[in-house]
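The structure under discussion appears below in the form of structure tokens.
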Amino acid sequence: MTTFPSDFIWGAATASYQIEGAWNADGKGESIWDRFSHTPGKVWGGDTGDVACDHYHRWPDDIRLMADLGLHAYRFSIAWPRILPDGRGQINQAGLDFYSRLVDGLLEAGITPFATLYHWDLPQALQDEGGWPARTTAEAFVEYADVVSQHLGDRVKNWMTLNEPWVIASLGYLMGVHAPGHQDLDEMLPASHHLLLAHGWAVPVLRRNSPDAEVGIVLNLGPQVPASPSAADRAAARYFDGVTNRWYLDPISGRGYPADIVQSYQRELDYIQPGDMDAIAVPIDFLGVNYYTRGIHRDNAAKDNLPETVHHTGESTEMGWEVHPESLYDLLGRLHFEYRFPALYVTENGAAYPDLLSDDGHVHDADRISYLRRHFQSAARAIAAGVPLKGYFVWSLMDNFEWSFGYSKRFGLVYVDYETQQRIPKDSALWYKRVIETNTPDA
Ligand code: IFM
């Protein structure tokens with residue numbers, strides 16, 4: 001039987017813009033995702049986060065839901081423009097009060113809060129001054145981290161600075177499919193640096209305001225493997241590993257930016273100032289790992305390439321992402337044995353499937369249960385191999401706004417009827433409750 005350590009933390013994750021709604025309530029400022037989703041053509045079906053799951057008003061019910069599922073911990077994010085509507089300066093007390101009540105409610109329910117400071121909803125006012133490509137945004141982030149941790153740091157003891165800087169920089173400033181929708185390598189590169197700098201500068205502030213807290217950062221990571229053992233395919237895989245994984249892992253581990261990738265960008269990284277790389281390499285207590293899939297790389301231009309030996313399993317989620325649980329084992333092993341972070345959490349893992357509310361009033365999402373069970377088993381194998389994995393947060397607690405896909409993709413353990421805001425635990429939620437109770441995915 002697969003078992004987990006007795007103190008293993010089972011949780012679920014969400015993010016502010018994806019669930020809260022109340023986009024302009026109680027003094028909240030506009031975020032780049034408000035602006036982006038209100039711009040025609042940017043999000044599937046014209047969907048916006050204006051109402052989302054209305055969690056801003058329904059949070060007491062949502063905490064009851066979490067308690068019913070037996071969650072040990074809840075990972076949520078704080079909306080920067082609720083706290084500092086202009087990004088810096090004037091504090092919006094109503095925003096702080098919202099998160100303060102949420103944290104108190106979680107603690108009363110016996111659920112440990114894990115708070116992420118930045119899950120993509122940058123104050124639009126800061127974007128108007130240049131956004132993440134501007135160093136001043138990293139400076140403003142420190143002010144924001146200070147304000148939040150001064151108010152919540154007595155009760156929140158698990159902090160994550162950023163969620164997925166690769167996505168923020170690459171999808172937002174290079175590919176243009178996320179807010180603010182820019183397509184410019186010369187914005188993406190400094191954005192990635194200023195995100196890491198914001199992280200590095202904020203860590204000591206969080207430690208100062210939140211004694212005994214554990215502080216980390218969350219990266220989206222996945223093995224990038226060659227389709228064959230040829231030199232060309234290995235080089236292709238190595239490049240993608242560098243761009244997506246090492247570009248963030250190496251600097252936070254004190255190794256600087258990977259030289260092969262620096263060379264490939266053919267740019268002067270003249271935005272890096274003395275002391276930056278040391279600040280970015282500040283020791284962290286844990287790394288948060290968001291794992292969804294792997295990448296298989298083939299150099300189609302290579303002459304006489306070797307036959308492919310690594311194939312897609314043929315199993316995909318509704319996002320089109322290959323289901324490959326073994327890669328979670330490989331990834332966790334690599335992170336531990338190659339980078340030696342003091343502790344790891346899976347801060348996101350889960351799957352979108354075309355869930356249907358059946359006539360019997362239930363959502364029979366056997367494919368999600370199968371996905372999660374196999375990933376939990378991989379995580380257990382990694383722990384058995386010596387990886388200090390401390391907990392696992394399923395993405396997501398409930399269906400929500402899936403960025404440029406709007407509400408068309410459902411990742412939740414809990415089904416949300418967006419017309420009525422009714423929450424209906426899917427079969428996977430009831431199964432997850434048993435996993436937590438028994439501490440085994442064989443449940
Ligand atoms: O919904 C997102 C989340 O906000 C960040 N990580 C990936 C999830 C699924 O795409």
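Taking the options 320, 350, name whichever one is more than 23 Å from residue 75 (Cβ to Cβ), small (Gly, Ala, Ser) and either under 19 Å from the mean Cα position of the chain (by Cα) or modelled with pLDDT under 95 (or both).
Answer to the check: 320.
Which residues, taken from segment 283-316, are assigned to a loop (DSSP other than H, G, I, E, B) and crowded, with 17+ Cβ neighbours inside 10 Å?
Selection gives 284, 291, 292, 293, 294, 298, 299.
Quick grid of which residues meet (1) of a type in the set (A, V, I, L, M); (2) in a strand (DSSP E or B); (3) more than 28 Å from residue 125 (Cβ to Cβ):
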residue	(1), (2), (3)
10	no, yes, yes
17	no, no, no
26	no, no, no
33	no, no, no
36	no, no, no
51	yes, no, no
56	no, no, no
66	yes, no, yes
75	no, yes, no
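Just the residues that are within 27 Å of residue 335 (Cβ to Cβ) and either under 15 Å from the mean Cα position of the chain (by Cα) or within 16 Å of the ligand (Cβ to nearest atom) (or both), please, taken from segment 366-399. Spell out how you get there, then give the answer.
Looking only at segment 366-399, we keep the residues that are within 27 Å of residue 335 (Cβ to Cβ), and these are 368-397.
Answer for segment 366-399, where residues must be within 27 Å of residue 335 (Cβ to Cβ) and either under 15 Å from the mean Cα position of the chain (by Cα) or within 16 Å of the ligand (Cβ to nearest atom) (or both): 368, 371, 372, 375, 391, 392, 393, 394, 395, 396, 397.
Here's the yes/no breakdown for (1) under 29 Å from residue 147 (Cα atoms); (2) within 18 Å of the chain's Cα centre (by Cα); (3) free of Cβ contacts under 8 Å to residues at least 40 places away in the same chain:
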site: 24; (1), (2), (3): yes, no, yes
site: 39; (1), (2), (3): no, no, no
site: 71; (1), (2), (3): yes, no, no
site: 75; (1), (2), (3): yes, yes, no
site: 80; (1), (2), (3): yes, yes, no
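In this structure, does residue 434 turn out to be among the basic types (Lys, Arg), at negative phi and touching a residue at least 60 places away in the same chain (Cβ under 8 Å)?
On the way: among the basic types (Lys, Arg): yes; at negative phi: yes; touching a residue at least 60 places away in the same chain (Cβ under 8 Å): no.
Answer is no for this residue.
Among the residues of segment 276-313, how many are in contact with an Asp or Glu (Cβ under 7 Å, 6 or more places away or on another chain), among the β-branched types (Val, Ile, Thr) and within 15 Å of the ligand (Cβ to nearest atom)?
Of the residues in segment 276-313, 1 are in contact with an Asp or Glu (Cβ under 7 Å, 6 or more places away or on another chain), among the β-branched types (Val, Ile, Thr) and within 15 Å of the ligand (Cβ to nearest atom).
If you check residue 144 against the conditions, is it crowded, with 17+ Cβ neighbours inside 10 Å, among the aromatic types (Phe, Trp, Tyr) and either within 16 Å of the ligand (Cβ to nearest atom) or closer than 23 Å to residue 348 by Cα (or both)?
no
May I ask you to say which residue of 251, 258 is in contact with a helix residue (DSSP H, G or I) (Cβ under 8 Å, 6 or more places away or on another chain), within 22 Å of residue 134 (Cβ to Cβ) and buried (at least 18 other Cβ atoms within 10 Å of the Cβ)?
Criteria check complete, one pass: 251.
List pairs: first in segment 397-410 and assigned to a helix (DSSP H, G or I), second away from the ligand (no atom under 11 Å from the Cβ) and of a type in the set (D, E, K, R), Cβ under 7 Å, 6+ apart or cross-chain?
Cβ pairs passing all conditions: 404/42; 406/47; 407/47.
Among the residues of segment 83-139, write down those that are of a type in the set (Ser, Thr, Tyr) and either more than 23 Å from residue 200 (Cα to Cα) or in contact (Cβ under 8 Å) with a residue 60 or more places away in the chain (or both).
Matches in segment 83-139: 99, 100, 112, 116, 118, 137.
Checking the structure you have, find out if any residue of segment 329-337 is away from the ligand (no atom under 16 Å from the Cβ) and over 22 Å from residue 246 (Cα atoms).
no
Go through 316, 358 for me and flag whichever is among the polar types (S, T, N, Q) and either in contact with an Asp or Glu (Cβ under 6 Å, 6 or more places away or on another chain) or under 18 Å from residue 3 (Cβ atoms) (or both).
Going through 316, 358 in turn, the sole match is 316.
Report whether or not residue 264 is farther than 21 Å from residue 158 by Cβ and part of a loop (DSSP other than H, G, I, E, B).
No: the conditions fail for residue 264.
Kindly provide the set of residues from segment 322-342 that are within 25 Å of residue 311 (Cβ to Cβ) and not hydrophobic (A, V, I, L, M, F, W, C), ordered by number.
Correct list: 322, 324, 325, 326, 327, 329, 330, 333, 334.
If you go through segment 431-443 one residue at a time, how many are assigned to a helix (DSSP H, G or I) and more than 24 Å from the chain's Cα centre (by Cα)?
Result for segment 431-443: 3.
Check segment 77-91 and report whether any residue there is of a type in the set (S, T, N, Q), surrounded by fewer than 19 Cβ atoms within 10 Å (Cβ to Cβ) and at negative phi. Let's see the steps before the verdict.
At the first step, the residues of segment 77-91 found to be of a type in the set (S, T, N, Q) are 77, 90.
From what is left, the residues that are surrounded by fewer than 19 Cβ atoms within 10 Å (Cβ to Cβ) are 90.
Those left that are additionally at negative phi: 90.
Yes, segment 77-91 contains a residue that is of a type in the set (S, T, N, Q), surrounded by fewer than 19 Cβ atoms within 10 Å (Cβ to Cβ) and at negative phi.
If I ask for residues that are hydroxyl-bearing (Ser, Thr, Tyr) and buried (at least 24 other Cβ atoms within 10 Å of the Cβ), which ones from segment 197-248 would you list?
Passing the criteria: only 248.
The values are calculated or read from the model by the stated rules, or taken from the named source; none is laboratory data. Worth saying up front: this structure is predicted, and the values here are computed from it rather than measured. All Cβ positions, even for glycine, are placed from backbone atoms using ideal geometry, and neighbour counts span all protein chains on display.
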